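Working notes, structure below.
The values are calculated or read from the model by the stated rules, or taken from the named source; none is laboratory data. Nothing here was measured: the structure is a model prediction, and the numbers come from that model. Positions of Cβ are generated from backbone atoms using ideal geometry, with glycine treated the same way; all protein chains shown enter the neighbour counts.
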Amino acid sequence: MLDQPIVPIATRTADRVCEVAWFSDLCGEDTEFLSVRDPARATFAHCRDIALAAERLGFSNLLLPTSYMPGLEVVPFAAGVAPDLQRINLLTAIRCGEMHPPMLARTLASLDHMLKGRLTINIINSDLPGYQEDAELRYQRCAETIQILRQAWTADRIEHDGPVYGKLSLSTDPIRPSQQNGGPLLYFGGTSDGAREVCAQYCDVFLMWPEKEESLYANMEDVSQRAARYGRQVDFGLRIHIIVRETEAEARAWARHIMSKFDPVRGAAMKNASQSSWSLGVRRQNELRTEADAEGFVEPLLWTDIGKARSGAGGALVGSAEQIVDKLNRYMDMGMRAFILSGYPLLDEANYVARLVLPHLPNATLSRLQGRLPELREAAQEGQ
């Protein structure tokens, strides 16, 4: 952990707040026991129930992942659940390269209208399913995709000429989103230099996976300095699992419970099924586990065994309500402005977090603070 006093990293959102999001696992990994798949939890009805619960419980955003796995794909699910939601944002994961960018812009603008301006985008820069692609191609494709999306949402025309998508010239009349002040916020995560450059130049929120505090802080410093070279600031977010109970002993007991049926062969197969198990970020999450103690902790509260059975974020905060709130406040002191949380099973753990953690955090919605939804921000202020 950081030993010296924390100097906050400069952020796009100056207020000391945090957007607390939950997660609906569309990819069929919601379960009570890690490495044991539960097909009943991979249905539209179950994932819809998670979205409805997250809104009812007071979460500000909801991450919807994309992956070539059994389960549901993100845009159809978001469109299907949009009429049932009134307040929560949807953070939809979009993998660059899967759709022609002008049509992607139109698709997302349509979804933004369905959500009445509550759409946020998690830009994914991984290999297209079935391929292992050149990293430089992916960075260039990602940058061009974002350039086209931004023009589509903010300019009168798309005028683009790049090595991946060539020369484009199109009116943006068919593409206007509900959010007129820049379009949906773009969230982005990545470990490599190329990925961080894309985020620093184009995106709004840099997402990180679990690390020791000193590593998280160093990552934030790096991306902040890169953004400053483009005359920009970004916000910072953490995608992490969570197990919170009234006492630390109870939380650790649940961690042991969800690992009690763990099978390393099944766990490895589930990780590999995600098509991203070879990424630099996942390799770093695997390395983090080698630094853990006998119970899987790499620092107080940060437990890494959860990464044995799933790709992506491979760590969880495990502790009492007081411990978890203190830890999240430390992260906010560093400059974090968004937390994307999850725990297994998702519906049960959402209730624990809503009861024990949410009331003690300055929970906000970043898109509203950025003026993307001024009418909703005013309505929220009037209701206080």
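Points to keep in mind about this one:
- Here Arg87 fulfils each of the conditions (1) surrounded by fewer than 22 Cβ atoms within 10 Å (Cβ to Cβ); (2) within 14 Å of Gly183 (Cα to Cα); (3) among the charged types (D, E, K, R); (4) touching a helix residue (DSSP H, G or I) at 6+ places or on another chain (Cβ under 8 Å) apart from (2).
- From Ile306, Ile243, residue being modelled with pLDDT of 95 or more and closer than 29 Å to Ser60 by Cα: Ile243
A quick yes/no check of all residues on (1) farther than 28 Å from Leu369 by Cβ; (2) free of Cβ contacts under 8 Å to residues at least 40 places away in the same chain; (3) touching a strand residue (DSSP E or B) at 6+ places or on another chain (Cβ under 6 Å):
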site: Ile124; (1), (2), (3): no, no, yes
site: Asp127; (1), (2), (3): yes, no, no
site: Arg150; (1), (2), (3): no, no, no
site: Pro177; (1), (2), (3): no, no, no
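- Evaluation of Gly117 against (1) at positive phi; (2) surrounded by fewer than 16 Cβ atoms within 10 Å (Cβ to Cβ); (3) touching a residue at least 60 places away in the same chain (Cβ under 8 Å) (one fails), failing number: (2)
- Test: residue in segment 267-282 that is of a type in the set (Val, Ile, Thr) and either in contact with a Cys (Cβ under 8 Å, 6 or more places away or on another chain) or over 29 Å from Leu108 (Cα atoms) (or both): no
- Residue check, Val81 over 19 Å from Gln147 (Cβ atoms), modelled with pLDDT of 95 or more and surrounded by fewer than 21 Cβ atoms within 10 Å (Cβ to Cβ): no
Yes/no per residue for (1) within 27 Å of Asp222 (Cβ to Cβ); (2) among the acidic types (Asp, Glu); (3) touching a Ser or Thr at 6+ places or on another chain (Cβ under 8 Å):
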position: Leu2; (1), (2), (3): yes, no, no
position: Arg16; (1), (2), (3): yes, no, no
position: Phe33; (1), (2), (3): no, no, yes
position: Thr43; (1), (2), (3): no, no, no
position: Arg48; (1), (2), (3): no, no, no
position: Leu62; (1), (2), (3): no, no, yes
position: Ser67; (1), (2), (3): no, no, yes
position: Pro102; (1), (2), (3): no, no, no
position: Ser110; (1), (2), (3): no, no, no
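- Scoring Glu213 on the criteria (1) within 19 Å of the chain's Cα centre (by Cα); (2) farther than 30 Å from Gln285 by Cα; (3) among the charged types (D, E, K, R) leaves a single failure, condition (2).
This table checks each residue for (1) in a helix (DSSP H, G or I); (2) without any contact (Cβ under 8 Å) to a residue 24 or more places away in the chain; (3) basic (Lys, Arg).
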site	(1), (2), (3)
Leu34	no, no, no
Ala45	yes, yes, no
Ile50	yes, no, no
Phe59	no, no, no
Leu62	no, no, no
Ala78	yes, no, no
Val81	yes, no, no
Gln86	no, no, no
Gly97	no, no, no
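- Scanning segment 344-355 for residues that are surrounded by fewer than 18 Cβ atoms within 10 Å (Cβ to Cβ) and under 19 Å from Cys18 (Cα atoms) yields Asn351, Arg355.
- Verdict on Gln147 being touching a His at 6+ places or on another chain (Cβ under 7 Å) and either modelled with pLDDT of 95 or more or of a type in the set (Gly, Ala, Ser) (or both): yes
- Evaluating Arg16 against the criteria (1) in contact with a helix residue (DSSP H, G or I) (Cβ under 7 Å, 6 or more places away or on another chain); (2) surrounded by 17 or more Cβ atoms within 10 Å (Cβ to Cβ) leaves one unmet condition, (2).
- Filtering segment 191-235 to residues that are within 20 Å of Thr145 (Cα to Cα), in contact with a Leu (Cβ under 8 Å, 6 or more places away or on another chain) and touching a residue at least 60 places away in the same chain (Cβ under 8 Å) leaves Thr191, Ser192, Cys203, Asp204, Val205, Leu207.
- Residue selected from segment 246-274 under the condition at pLDDT 95 or above and of a type in the set (D, E, K, R), by the criterion surrounded by the fewest Cβ atoms within 10 Å (Cβ to Cβ): Arg256
- The sole residue among Ser342, Ser311, Ser277 that is modelled with pLDDT of 90 or more and touching a helix residue (DSSP H, G or I) at 6+ places or on another chain (Cβ under 9 Å) is Ser342.
- Asp326 passes every criterion in (1) under 29 Å from Arg48 (Cβ atoms); (2) modelled with pLDDT of 95 or more; (3) surrounded by fewer than 20 Cβ atoms within 10 Å (Cβ to Cβ) apart from (1).
- No other residue among Ser169, Ser67, Ser110 is assigned to a loop (DSSP other than H, G, I, E, B) and of a type in the set (S, T, N, Q) apart from Ser67.
- Hey, Leu119 under 20 Å from the mean Cα position of the chain (by Cα), modelled with pLDDT of 95 or more and of a type outside the set (Phe, Trp, Tyr) or not: yes
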